[in-house]
Amino acid sequence: MKINSIKNIGGAILGLLLFLGISVMSSTTAQAQYQDPYWRQREILRQREIQRQREILRQRQAQQQQGGWYDQYGNYHPNGSYNNGTYNSGQYNQGRRGRNWDGYGNQGGSYELRQTALNAGYNEGMKDGRSDRRSGRFDPSRHGAYQNATKDYNSRYGDRYTYQQYFRQAYQNGYSDGYRYGN
């Protein structure tokens, strides 16, 4: 009989300890969830960001149904605004030749290489475009300046191939403008 009562008391103590252990562990888990007072605000911000991303995706899908494309910076361009690697139609040719609107992309190289190539290419293209307008012949690739694409190039600027890429793109813009608006 003594053994049965010891077993009962031992089982009761063991059960009580088990109950206390579970209740202590569950309260520390609950406290860990609420330890950060800003978790709710972060959750709201996260939900807003998800909504914003969904809205952007929805807008992009709607625009793509109308036709167009996104450049490497995430800017949307409707169809017809890109021609042979240069912006020369629509809203992109209305005096927006600045660094952010020049449409030449980023092929690398230093700022000086890029600007020198763009300036030299555009000016040569403008000159040849005006000349061809007078003769009535539109063919930018037949000119030596376009083929060589090294006017004003200096090896201290950097890679010649990169310079030529910028030069040719600017040349096409300048040629189009010179042919279209030349005297």
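Counting Lys and Arg as +1 and Asp and Glu as -1 over every other residue whose Cβ lies under 14 Å from the Cβ of A62, the net charge comes to +2.
How much length is gained on full extension from Y38 to N106, taking 0.36 nm per residue of separation minus their Cα-Cα distance?
Working: separation 68, 0.36 × 68 = 24.48 nm, distance 4.11 nm.
Roughly 20.4 nm would be gained on extension.
In terms of packing, defined here as the mean over residues of other Cβ atoms within 10 angstrom, the peptides 53-62, 118-127, 169-178, 140-149 line up highest first as 169-178, 118-127, 140-149, 53-62.
Label-to-label distance, D159 versus L18, with points set 7 angstrom from Cα along the beta-carbon direction: 7.1 nm. Neighbours of T150, meaning other residues whose beta-carbon lies under 13 angstrom from its beta-carbon, give a summed charge of 0 when Lys and Arg score +1 and Asp and Glu score -1. Show log10 I(q)/I(0) for region 101-165 at q = 0.25 Å⁻¹, two decimals, from a solvent-free Debye sum over equal Cα scatterers. After summing over all Cα pairs, the log10 values are -1.06.
Taken together, the values in this text are just the output of simple stated rules run on the coordinates, not laboratory data. Here the structure is a predicted model, which is why all the values come from computation and not from measurement. As a convention, Cβ positions derive from the backbone with ideal geometry for all residues, glycine included, and neighbour counts pool all protein chains shown.
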